[in-house]
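One structure is given here, and the rest of the page talks about it.
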Amino acid sequence: LLATPFLLERVAEMVPAWIPIPDSASRVPVLEGVLDPAVTTVALASAVLGGLLLTAPGLVSALQSARPEGSRRVHRGVRGTRLLVGVEVAVATVLCVSAGLVVRSADKLLSTEVGLEHAQLLTLYFGDVWGLEAEDRVTYFRRAVEEVERIPGVERAGVIGYVAFQAEDDFARVYFLDRSLQPVRDVREEWRRVDAGLFEARAAVVNRTFAEKHWPDGSPVGRYLSTHEESYRDLEVVGVVADVHSLGPATPPPPMLYVPYQGDPRGTQGMYVLVSGDPMSFGEAVREAIWSVDPSQPVTGFWPMSAFVNAWVAIPKATRALVLSLATLALLLSAVGVFGVVSYAVRTRRSELGVRLALGATPDRLERDQMRTILPIVALGVVGGLLAGILAARAARELLYGISPLDPLSIGAGALVMASAALVATYLPARRAGRIDPTEAIRAE
């Protein structure tokens, strides 16, 4: 448990160095809760507390006082141990509730659609033709795409200024031509110059976030806009496409404007290659196809898009596994504590229970009596832990993604798991109380 911060560092190091994670990534839901040292310390303290309670001086002295000649001290020790178990159950309940919320939040995050099919998508960068005229750059990139699409197994290829999920940004000043009043300050939004297979020369496409931000009351299709660059003026918006979570699934997608790269392409372009098979197995064929156009141009950065997506969710996955492990450990410690207290109470009252059985008490009656002595403590522990867990969740609402801190499924599941474990741990030793042999118990006395 004490090594948990170091494990988290190792997980962070697993994110490949070629993915430049921006500063904002450390502030996204789920990631922030893991990377924040204060939160990590609180989680560790809560988890270890259950274990420390088992070795607390009060518990040790209670066990040492279990001698026949000290019955009063025995009962005092049992009461003290019950109190410790109640606290332990409360702490474990907090962890179970927190685990339910974090796991549900991580599941929501991991199931978020990133906005593009990435399973069979190969990405790369190629070209260094900044010195050519715009028309010649367009010709080079078009021929490269045509050669790549001739490769057997390649379904489609296209170019884009920057590959998604690499923390790259590129902003343009946008002017809305059909508005009666342009905002006083410049509107700056991200834009990408992309392969214009379906674009007209003066067409543009926006994503859903861009459309909802700038045309909340109507459709953007048929509207006109311009950018700060001469080659991209008087563009008609011809469509709206899905959002791409280009900074990871936990970060809201930025408004995005897509324009045809033919207007003024960058000298280096990214390429998406959709294949039918393992993307990396096409790397060499794609490189040779591009070099067939111009062998002097660089071709670098071959990676499957799924690698970028997986890198962004590596830490939430590790968080989910870690929290589940801590909650399971706390649950086991609490169950062992409850089991030990009830077993201890049965053992110290063995002679009394034997006499009661000899005088006609039924085994069921003894079992119920033993459970009645511990179940109220367990119930108070679960209720107290549930309330503390709810308060903690409300304070940490910024760390959750896609769920409310009062998510009934997470809270209910955490409380139910803890209550069930405590009930089983109470019932098993209590059941032994009804199976005591009265003759052996009285003879021992």
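The values are calculated or read from the model by the stated rules, or taken from the named source; none is laboratory data. Nothing here was measured: the structure is a model prediction, and the numbers come from that model. Here the Cβ positions follow ideal geometry from the backbone for every residue, glycine too, while neighbour counts run over all protein chains shown. Only protein heavy atoms, including side chains, enter the accessible area calculation; ligands, DNA and RNA are left aside. Shrake-Rupley method; radii C 1.70, N 1.55, O 1.52, S 1.80 Å.
In this structure, is A250 in contact (Cβ under 8 Å) with a residue 60 or more places away in the chain, within 25 Å of the chain's Cα centre (by Cα) and crowded, with 21+ Cβ neighbours inside 10 Å? Against the criterion (in contact (Cβ under 8 Å) with a residue 60 or more places away in the chain, within 25 Å of the chain's Cα centre (by Cα) and crowded, with 21+ Cβ neighbours inside 10 Å), A250 qualifies. Is it the case, given these coordinates, that V338 is closer than 30 Å to F165 by Cα and either in a helix (DSSP H, G or I) or at pLDDT 80 or above (or both)? The answer is no for V338.
Against the conditions (1) surrounded by fewer than 17 Cβ atoms within 10 Å (Cβ to Cβ); (2) within 36 Å of the chain's Cα centre (by Cα); (3) touching a residue at least 40 places away in the same chain (Cβ under 8 Å), G218 satisfies every one except (3). The set of residues in region 309-335 being buried (at least 16 other Cβ atoms within 10 Å of the Cβ) and β-branched (V, I, T) consists of V309, V313, I315, T319, V323. M280 satisfies every condition listed in (1) among the aliphatic types (A, V, I, L, M); (2) farther than 30 Å from L235 by Cβ; (3) modelled with pLDDT of 95 or more except (3).
Just wondering, is there one or more residues in region 224-237 that are surrounded by 22 or more Cβ atoms within 10 Å (Cβ to Cβ) and assigned to a loop (DSSP other than H, G, I, E, B)? No, because not a single residue in region 224-237 is surrounded by 22 or more Cβ atoms within 10 Å (Cβ to Cβ) and assigned to a loop (DSSP other than H, G, I, E, B).
Give the residue that is farthest from V103 (Cα to Cα), with candidates limited to residues of region 376-385 that are among the aliphatic types (A, V, I, L, M) and open to solvent by 60 Å² or more (accessible area, probe 1.4 Å).
The first filter runs over region 376-385 and keeps only residues among the aliphatic types (A, V, I, L, M), leaving 377-380, 382-383.
Next, from what is left, pick out any that are open to solvent by 60 Å² or more (accessible area, probe 1.4 Å): 380, 383.
Details: L380: 25, V383: 21 Å.
Only one residue tops the list, namely L380.
Summed over region 138-157, residues that are in contact (Cβ under 8 Å) with a residue 12 or more places away in the chain and of a type in the set (D, E, K, R) total 5. The listed residues are T268, T251, and the only one of them that is of a type in the set (V, I, T) and within 26 Å of E146 (Cα to Cα) turns out to be T268. Looking only at residues in region 386-425 that are part of a helix (DSSP H, G or I) and of a type in the set (S, T, Y), the one that is least open to solvent (accessible area, probe 1.4 Å) is S410. Of the residues making up region 192-215, those that are at pLDDT below 85 and open to solvent by 30 Å² or more (accessible area, probe 1.4 Å) are D195, G197, L198, F199, E200, A201, R202.
Of all the residues that make up region 290-308, how many are more than 21 Å from A119 (Cβ to Cβ), in contact with a Leu (Cβ under 8 Å, 6 or more places away or on another chain) and open to solvent by less than 30 Å² (accessible area, probe 1.4 Å)? Break it down into steps so the answer makes sense when it comes.
Residues of region 290-308 more than 21 Å from A119 (Cβ to Cβ): 290-300.
When the remaining residues are screened for being in contact with a Leu (Cβ under 8 Å, 6 or more places away or on another chain), the result is 299-300.
This time we only want the ones that are open to solvent by less than 30 Å² (accessible area, probe 1.4 Å), so: 299.
Residues meeting the conditions: 1.
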